[in-house]
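Encoded as structure tokens, the structure appears first; notes follow it.
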Amino acid sequence: MEREELIKARAHRIWEDAGRPEGHEHAHWEQAEAELAAEEKGGIMRPGTGSETPSEQPMSNVNDTPGTESGAPGKPGK
């Protein structure tokens, strides 16, 4: 699968995981690119993406940001 197809599939999963919000396509695409780049460098991965490399950090702590209840910066309604 070509890189762009991988990014597109990952961005779609991110969008679905976020509850299918409208207007966040660019952010989901950038997140997908960043996650794939991290995986390629042996970094953190999203669970259920089919990657063969184990994650170095539990996903529950990846988006923990001080000052946000959900740990998800930019989440609508915050």
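Observations on the model:
- Karplus (6.51, -1.76, 1.60) ³J(HN,Hα), θ = phi - 60°, over the range 32-42, in Hz, Gly and Pro reported as x: 4, 4, 5, 5, 5, 4, 5, 5, 4, 8, x
- Net lengthening on full extension, ASP17/GLU30 (0.36 nm per residue, minus Cα-Cα): 3.2 nm
Every number in this text was worked out from the coordinates using simple rules, so none of it is lab data. All values reported here derive from a predicted model rather than from experimental measurement.
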